[in-house]
Amino acid sequence: MGLFFLFRNWSAVVTFLARLWAELLGLFGWKSGSRDSATAETAVQKSVDRPFSAFDNPFANGTARRMKLPQLLDYSFQALEAWAREKRVPRSLDQTPWEFAEELGERIPEMEQDASKTAQLYAQVAYAKKSPAGDSLEVLERLWRRMDAGAAA
């Protein structure tokens, strides 16, 4: 039973362990040398002051083609946080990307699949340092279409 849970939630376990390690290093005054994890940890703070309207759809203006996938994921996740905040579903500082996506999906059911998949991709790149799945661009493009449609509503 425990192995099944561990296997089923491996990405969440890896995320938890990465955060725990960063916290332990912080307690002893050490900083994680990874720029990506610093980016991941501050993503919530970076987007707090920006409204969703400040984020241009990179698929509509063509910048998605010029961005590296980790950069596009980070930008899109920040936009999702801003969009959700304006829909009165803000991400709290102690929420993981998965917890945030789950709450967003519960409160705005039409966003459940796109938010969940985006959070999964974001965490894979930001915390687990994995290459994202091959369908990542399609997932992000669908997310942007849904956010743009929801912003107009």
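Read the figures in this text as sums done on the coordinates, not as results from a lab. As the structure is a computational prediction, the values presented were derived from the model and not from experiment. A quick note on method: Cβ atoms are made from the backbone with ideal geometry, for glycine too, and the neighbour counts reach across all protein chains shown.
Quote the Stokes-Einstein diffusion coefficient, in whole µm² s⁻¹, for region 68-113, based on the Kirkwood radius over alpha carbon pairs, a temperature of 4 °C and a viscosity of 1.567 mPa s. Diffusion coefficient, whole number: 119 µm²/s. Radius of gyration over Kirkwood radius for region 84-153, both on Cα atoms: the Rg/Rh ratio is 0.97. Database remark: amide H of PHE59 closer than 5 angstrom to the amide H of ALA64 (H placed geometrically; neighbours at sequence offset of 5 or more, or on other chains; Pro and chain starts carry no H). For the peptides 58-70, 118-130, the ranking by packing is 118-130, 58-70, with the highest mean count of neighbouring Cβ atoms within 10 Å listed first.
Backbone geometry of region 106-121 corresponds, through the Karplus equation with coefficients 6.51, -1.76 and 1.60 at θ = phi - 60°, to 3J(HN,Hα) couplings of 5, 7, 10, x, 5, 9, 4, 5, 5, 5, 5, 5, 5, 4, 4, 4 Hz, x marking Gly and Pro. Fewest neighbouring Cβ atoms within 10 Å first, the residues LEU72, LEU137, LEU104 line up as LEU137, LEU72, LEU104.
The ranking of ASP49, ASP56, ASP74 from fewest to most other beta carbons within 10 Å of each one's beta carbon is ASP49, ASP56, ASP74. Rounded to two decimals, the Cα-based Rg/Rh of region 32-152, with Kirkwood Rh, is 0.92.
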